[in-house]
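First comes the structure, then the notes that go with it.
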Amino acid sequence: MAKRTVIANGRVVDPAQGLDEVRSVVLEGEVVKDLLKRPPSKADTLVDARGMLVTPGFIDLHVHLREPGHEYKEDVASGAMAAVAGGFTTIVSMPNTDPVNDSPTVTELILDRARRARLCRVLPAGAVTVGLKGEALAEMGLLAQAGCVIFTDDGKPVMSASVMRRALEYAKGLGLAVMVHEEDLTLSKGGAMHEGEHSTTLGLKGIPSAAEDVMVVRDIALLETTGGHLHVAHLSTEGAARAVRAAKKRKLKVTCEVTPHHFSLTDEAVASYDTSTKMAPPLRASADRKALLKALRDGTVDAIATDHAPHSAVEKDLEYPAAANGVVGLETAAALTLKLVLEGELPLLRAIELLTSGPAGVLGLETGTLLPGRPADLTIVDLDEAWDVDPKRFYSKSRNTPFAGWRLQGRVKSTWVAGRKVYQDRGGAA
Amino acid sequence: MGTRNALIRHVLGIGELNLSQVETILKTARVFKEILSRPVKKVPTLRGRLAVNLFFEPSTRTRTSFEVAGKMLSADVINFSGSSSSLTKGETLMDTAKNLEAMHPDVVVVRSHAAGVPWMLARNLGCAVVNAGDGLHEHPSQALLDALTLQDAFGSAGEPGSLRGKRIVIVGDITHSRVAGSNLRLLPMLGAKVRVVGPPTMIPLGMRQAFPGIEVSHQLDGAFEDADAVMMLRIQKERIAEPLFPTDREYSRLFGLGLARAERLKKDAVVLHPGPINRGVELDPRVADGPASVILDQVENGVAVRMALLYLTAGHDNDPERLGAES
């Protein structure tokens, strides 16, 4: 008989079932067996989760694992370790590796590395176009067969509207979504931060919100022509949120994600020219942040995704405009999301939805809930535990975070994938 | 003089200086200006000190001005030109900084295409850092020399006048001008009323929030006639990648200071330009060389201001109060 693990007496929050109650989760083998009001007497392993939050394992739609090609920043194993330490049991790996994941061979390599790491589920995203160049379509069908779950040119927009149209149409035939980085390059060219008050004060060339807005509006218009599924990555502006909300009202299949750094920070954070605040899209104005919080509350946003983008000092210890874009996020995302709950910006159930059933819904995954019969992926969090963000303690190989030194509340205590504990917080030195 | 709160470690931007520090700099510059007018200009003040001009971006005027300033003070001055982007050599800015550090300079004067570089160096170097222009951000020594020039223009019989209540109009590409960036901070600090004029393509989106006290106009006519000083900015064609205006002809008709417009200036109004001038575009040569022009005073004051900056940062154990006696 399969091994039986009982996670007893935790506060089980499972948005897919609308559940927020003290329950004991029974895992049998790789699946959830039951959610009981009282712990059963028999268990091979008993975990006392009294006072803890027990949720479906978190799902991150947007992670850069840097393997193959840039293993000095991260590799599949180190990224997966950072993921489980952050409570993530499924991560979607972006294709801007070297070589680009535009061929099944690269997809297979990533999946092989993930199997060997035996930590979280790694779902590769395939490129939309060959070499992320925005010209010829990648072999999307073969990529899908190899295990890709979504297509994206990742940090690059598909600037040609006709290529984007064909990509949406073709992906529709495969039943998969196209994830888009929305940036009109003619508007953002040379920009290092959001264009507005602070770019003026700091003398850095700005990227206007319109660089994102016009592309979101364009792609929604294309989606009306093609059908299919458009997923907007790291949405950051008020205008883009408004466009997605309106498209959803018209029943178009548009989904979107927002990152913890965009809902936690504004362009004011660039003040010291600290390159860990440099990212694409850039940190936006305070009105944008407010609009993102509203969109997180009202259902416009489907998922919180980290856009975990590890970089070494070689790419970051540079002049602000020359520094690479991106921040690491896997190990701070949950606590930054819970910060919104503690500040009254987001109900707990909704916050957990954005980390679990929300992203699962974008990809049509069967995880993201603790319904009996589903994969036993779960995360245990101590909501009361406060901790200081110390990048030196990250499992990620990179330390590029603007949250260093922040005191956050809510600590991931253990992470379970397919019924197996893959991470245990040891307190103190993580 | 409030010497205590006027201590100056670095000169990174006008935004980092308080009024007392600005007054100290301008007052010190006046002393040096007097020295420059003597037959023997060189003073031993910074003998044995090393000043490094670290220029990541080509600049003859500013570099020469800092070089002359250092030499007048008897400092050893070396010029170190980085490539326009340190990345191209595979060397990071921090590598360059560490290499400089090993030479034990007393002050590094830095010019960079990237905003913020002086701040990054100040965090990583043990010596003083003076900003000689960073990206689109600040050019503090230029604004200080402009202020010195305006004090001269507004004064009488060799006495410096005040900028308080004076109307100063800055014309041109405000967005891409670090000269404007520093002047928009300094001139209001000294009590001047500042108006910027340019097409909307040359006024930053965040202007009103970033500089709430500054008036904005998109037409030169009706916006310069009440000025006590008009500061014409250089059209930086080499840095403009997008179309900010249709043609030089249109720009000079709409935003240039030609003879006819110059005649409508107030009687004692002065005209400034940070140079080099695109003659005939932003400024008619006859105005640039005419009676209202103080452009060459700006150049002369530039040396005096930079001497003051080097003296106050690299010679920080010197007492500014004793400067006159020492020379």
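Each reported figure results from applying straightforward, stated rules to the coordinates on display, with no laboratory input. This one's a predicted model, so the numbers in the text were calculated from it and none came from an experiment. Virtual Cβ from ideal backbone geometry, glycine too; neighbours counted across all protein chains shown.
For this structure, a couple of remarks:
- Amide H contacts of A:VAL158 (H built 1.01 Å from N, under 5 Å, at least 5 apart or other chain): A:HIS181
- Global form of region A:1-44, assessed from the alpha-carbon gyration tensor, a/c cut-off 1.5: oblate
- Within chain B, percent of DSSP bridges classed antiparallel, to nearest 5: 5
- Most fluctuating residue given options A:LEU283, A:LEU330, A:LEU137, as computed from a GNM of chain A linking Cα atoms under 10 Å: A:LEU137
- Cβ-based charge dipole, chain A, positive-most Cα from A:PRO359, A:GLY373, A:ALA291: A:GLY373
- Across peptide A:312-321, the mean count of Cβ atoms from other chains lying within 10 Å of each residue's own Cβ comes to 6.
- Pairs exceeding a 30 Å alpha-carbon distance, out of A:LYS33/A:LYS73; A:LYS33/A:LYS392; A:LYS156/A:LYS253: A:LYS33/A:LYS73; A:LYS33/A:LYS392.
- Simple Cβ-charge dipole of chain A, Lys/Arg +1 and Asp/Glu -1, about Cα centre, in debye nearest 20: 1160
- Amide hydrogen proximity for A:TYR423: with H placed 1.01 Å from N in the peptide plane, the residues at 5 or more positions away or on another chain lying under 5 Å are A:THR415.
- Between A:MET1 and A:VAL314, residue separation times 0.36 nm minus the direct Cα-Cα distance comes to 107.4 nm.
- Beta bridges by DSSP in region A:128-260, antiparallel share as percent, to the nearest 5: 10
- Region A:352-403 and region B:7-68: distance between their alpha carbon centers, rounded to Å: 55
- If R0 equals 22 Å, the separation of the Cβ atoms of B:ARG164 and B:LYS267 corresponds to a calculated FRET efficiency of about 0.65.
- Inter-centroid distance (Cα atoms) of region A:203-268 relative to region B:127-156, Å: 43
- Cα gyration tensor shape for chain B, rounded if a/c is under 1.5, else prolate or oblate: oblate
- Förster-model FRET efficiency, 45 Å R0, A:GLN409 and B:SER74, C-beta, rounded to 0.05: 0.15
- Label-point separation, A:LYS133 to A:ASP98 (7 Å along Cα→Cβ), nm: 1.8
- Sequence-distant residues sharing a close amide H with B:VAL129 (under 5 Å, placed H): B:VAL11, B:VAL108
- Dipole magnitude for region A:223-372: about 780 debye, using +1 per Lys or Arg Cβ and -1 per Asp or Glu Cβ, origin at the Cα centre.
- Span from the region B:250-311 Cα centroid across to the region A:1-70 one, whole angstrom: 73
- Sequence of A:HIS229, A:HIS234 once ranked by neighbouring C-beta atoms within 10 Å, starting from the fewest: A:HIS229, A:HIS234
- Expressed to the nearest 5 percent, the antiparallel share of DSSP beta bridges inside the protein assembly as shown is 35 percent.
- Of A:ALA322, A:ALA285, A:ALA192, the one that fluctuates the most in a GNM where chain A has Cα springs shorter than 10 Å: A:ALA322
- Note on chain B: helix-only mean residue ellipticity at 222 nm, from DSSP H runs of 4+ residues weighted -39500 (n - 2.57) and normalised by residue number, equals -10500 deg cm²/dmol.
- Once the chain from A:LYS421 to A:GLU385 is taken as fully extended at 0.36 nm per residue, the excess over their C-alpha distance is 10.9 nm.
- Working from label points 7 Å from Cα in the Cα-to-Cβ sense, the A:THR225 to A:ARG393 distance is 5.2 nm.
- Computed label-point distance, nm, for sites B:ASP95 and A:LYS290 using a 7 Å Cα→Cβ extension: 4.6
- Pairwise FRET efficiency - B:VAL40 versus B:GLN236, Cβ, R0 = 35 Å, nearest 0.05: 0.35
- Highest-MSF residue in chain B out of B:VAL109, B:VAL230, B:VAL117 [GNM, Cα springs under 10 Å]: B:VAL117
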